[in-house]
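Okay, so here's the structure we're looking at.
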C-alpha cells in the first residue's frame with residue numbers, strides 16, 4: 001500500500017462508517033439491558049420503560065465541556081415529554097467514568113449520565129468507532145430511538161462531535177413517527 005493510500009484510508013473509513021452503521025439499523029439490537037448512572041445510584045433498565053419511547057444518546061469518550069453543556073441543554077429541552085425516557089451514555093472504561101464523575105461538581109446532581117463501560121452497549125447497536133477526538137479514539141455521537149415495544153425505530157449517527165441530533169429535530173421526528181396514519 002502506498003503512503004498516500006495509508007493516509008487516505010482512515011479518512012475514507014471515517015466518512016463511510018456512519019453510512020454503513022445507519023444501513024445496518026441495529027441488527028444486534030438487545031432485547032433488554034441495564035445501565036447504572038455515572039453518579040449516584042440511578043439504574044435504567046429497558047424492560048422497565050415498556051410503553052414509553054427510549055432515546056439512547058451515545059456520547060463521546062471524552063470529558064469535553066461542550067458535550068456536558070449539550071447534554072444539560074438537551075435534558076432541559078426534552079424534559080416536558082413524558083412519553084420519552086432520555087438515556088445519555090458515556091462509553092469510557094469504568095475507571096475513566098468514575099474519575100470523570102468525581103470532577104462534575106454541581107453538574108453531578110443536574111445530570112444523569114449512564115455508564116457504558118468499554119462502549120459495550122454502543123457496540124451492540126453497531127455504533128462505529130475509530131474517530132479521533134481530543135487525542136482519543138471515540139464512537140461517533142449517536143441517537144437510537146427505541147419504540148414503546150423496545151425495538152429500534154430510528155437512528156442518527158453523527159459524522160463528528162458537532163454533528164448531533166438536536167432536541168428540536170428529535171421532537172419533530174417523534175411527531176412524524178407518532179402521527180396517526182389516515183384511514
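Here is how the numbers come out for the structure above:
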quantity: Residues located in the stretch 7-44, provided they are touching a helix residue (DSSP H, G or I) at 6+ places or on another chain (Cβ under 9 Å), modelled with pLDDT of 90 or more and surrounded by 14 or more Cβ atoms within 10 Å (Cβ to Cβ); calculated: 33, 35
quantity: For residue 126: the one exception among (1) more than 20 Å from residue 65 (Cβ to Cβ); (2) surrounded by fewer than 17 Cβ atoms within 10 Å (Cβ to Cβ); calculated: (2)
quantity: In the stretch 45-98, residue surrounded by the most Cβ atoms within 10 Å (Cβ to Cβ) [restricted to those that are assigned to a strand (DSSP E or B) and without any contact (Cβ under 8 Å) to a residue 60 or more places away in the chain]; calculated: 90
quantity: Entirely in the stretch 110-179, the strands (runs of 3 or more DSSP E) that have 3 or more residues that are over 20 Å from residue 94 (Cα atoms), touching a helix residue (DSSP H, G or I) at 6+ places or on another chain (Cβ under 9 Å) and in contact (Cβ under 8 Å) with a residue 24 or more places away in the chain; calculated: 142-146, 152-157
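Table: residues versus (1) in contact with a strand residue (DSSP E or B) (Cβ under 7 Å, 6 or more places away or on another chain); (2) closer than 16 Å to residue 46 by Cα.
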site	(1), (2)
111	no, no
116	yes, yes
140	yes, no
165	yes, no
176	no, no
182	no, no
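The values are calculated or read from the model by the stated rules, or taken from the named source; none is laboratory data. Here the structure is a predicted model, which is why all the values come from computation and not from measurement. Neighbour counts are summed over all protein chains in view; Cβ atoms, including those assigned to glycine, are modelled from backbone coordinates with ideal geometry.
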